[in-house]
1. For segment 26-64, which residues satisfy the criterion of being charged (D, E, K, R) and exposed (fewer than 15 other Cβ atoms within 10 Å of the Cβ)?
2. Would you be able to say whether some residue in segment 13-31 is without any contact (Cβ under 8 Å) to a residue 12 or more places away in the chain and out of contact with any Phe, Trp or Tyr (no Cβ under 8 Å at 6 or more places or on another chain)?
3. Suppose we filter V89, V125, V139 for residues that are more than 25 Å from R3 (Cβ to Cβ), in contact (Cβ under 8 Å) with a residue 60 or more places away in the chain, aliphatic (A, V, I, L, M) and in contact with a Leu (Cβ under 9 Å, 6 or more places away or on another chain); which single one remains?
4. Condition first: assigned to a loop (DSSP other than H, G, I, E, B) and crowded, with 16+ Cβ neighbours inside 10 Å. Now tell me which residues in segment 121-155 satisfy that.
5. Applying the selection to segment 77-111, what residues are assigned to a strand (DSSP E or B) and over 15 Å from R17 (Cβ atoms)?
6. So for segment 10-21 (the condition being within 21 Å of K110 (Cα to Cα), in contact with a Lys or Arg (Cβ under 6 Å, 6 or more places away or on another chain) and either among the polar types (S, T, N, Q) or surrounded by 21 or more Cβ atoms within 10 Å (Cβ to Cβ) (or both)), does at least one residue qualify?
7. Could you tell me whether segment 3-24 includes any residue that is more than 16 Å from the chain's Cα centre (by Cα), of a type outside the set (S, T, Y) and either at pLDDT 95 or above or not in a helix (DSSP H, G or I) (or both)?
Amino acid sequence: MSRRASVLFVCLGNICRSPTAEGVFRKLVEQAGLQEHIHIDSCGTSNWHIGKGPDPRSLEAAGKRDVDISMLKARQFTEGDLDTFDYVVVMDRQNLADVKDIWHQNGGTKPTLFLEYGRSDLAEVPDPYFGGENGFEQVLDLIEDAGEGLLRNIQERMA
């Protein structure tokens, strides 16, 4: 497999959902032996947490599933991301609308909702920030499922 792919996960603050998705997807890619072929990153549409690490609750929940996201630092989405990444995968409709506003003006990779790749009946990965621990576990379940579907999609396109 000589082709490469790049994936960007997007949420609001880049401290809960998108870094969790980056970490989970990185693990799935490594398990498939494709780490040399798939570049993975995450960001947020807001600038509230730039340079900060993931929320401690995200760190703990991910760690329970052997996913280390401690090295990640929040960054803000830029219009250049639409030209850089093959997949721009967004966690919820509001952030999708924000990214699509930029996409409509500048073109590039069309952003999609992450859960379109999964089997869940939900359309959005809910923001666990203001909820309890169960919210972070639900986010991980949704991300693992959609991540497997996204990886299958990439593998099919790279074949």
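1. Selection gives E30, E36, K52, E60, K64.
2. yes
3. V125
4. Result: E124, V125, D127, P128, Y129.
5. Passing the criteria: only Y87.
6. Yes; the residues of segment 10-21 include at least one that is within 21 Å of K110 (Cα to Cα), in contact with a Lys or Arg (Cβ under 6 Å, 6 or more places away or on another chain) and either among the polar types (S, T, N, Q) or surrounded by 21 or more Cβ atoms within 10 Å (Cβ to Cβ) (or both).
7. So far as segment 3-24 goes, yes, one or more of its residues are more than 16 Å from the chain's Cα centre (by Cα), of a type outside the set (S, T, Y) and either at pLDDT 95 or above or not in a helix (DSSP H, G or I) (or both).
The values are calculated or read from the model by the stated rules, or taken from the named source; none is laboratory data. Keep in mind that what you see is a predicted model, and the values were worked out from it rather than measured. Cβ sites come from the backbone with ideal geometry, for glycine too, and all protein chains shown count toward neighbours.
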